[in-house]
Amino acid sequence: MSWLVGLAIFTMVTGVTLTLVGLMAVRSLRRTLLDGALRQAQQIRRLVETVSVLHQQQQNTQARVQLLAEANRKLTEELAVLSEQVGEGTVRMRGPSRMLH
């Protein structure tokens with residue numbers, strides 16, 4: 001009977017030891033996963049901010065392109081008018097007249 005008691009004690013100590021090792025492993029794994037999730041959340045936040053800034057820059061660039069396209073259209077129209085006037089031999093001054101020295 002004494003070997004049976006010894007075996008029972010050995011089994012209980014082994015079970016407690018394995019349980020503690022398992023709990024420490026789960027705790028370590030949980031901490032690792034939480035740290036990874038936190039880093040991912042921070043990276044996602046930075047990416048969202050970067051995308052927001054890039055979107056704003058794209059909108060500003062598109063607005064600038066539209067302004068430049070409109071200015072180009074106006075200059076093209078003025079150039080066409082001037083070309084017609086030069087072809088006719090008369091040049092009419094528009095806007096403030098300037099003197100060339």
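The values are calculated or read from the model by the stated rules, or taken from the named source; none is laboratory data. These numbers were taken from a predicted model, which means no experiment stands behind them.
Tell me, yes or no, whether region 73-94 has at least one residue that is of a type in the set (Lys, Arg) and modelled with pLDDT under 95. Yes, region 73-94 contains a residue that is of a type in the set (Lys, Arg) and modelled with pLDDT under 95.
The single condition among (1) in a helix (DSSP H, G or I); (2) at pLDDT below 90 that HIS101 does not meet is (1). Just a yes or no: is a residue in region 11-20 under 31 Å from the mean Cα position of the chain (by Cα) and either at pLDDT 95 or above or not β-branched (Val, Ile, Thr) (or both)? Scanning region 11-20 turns up no residue that is under 31 Å from the mean Cα position of the chain (by Cα) and either at pLDDT 95 or above or not β-branched (Val, Ile, Thr) (or both).
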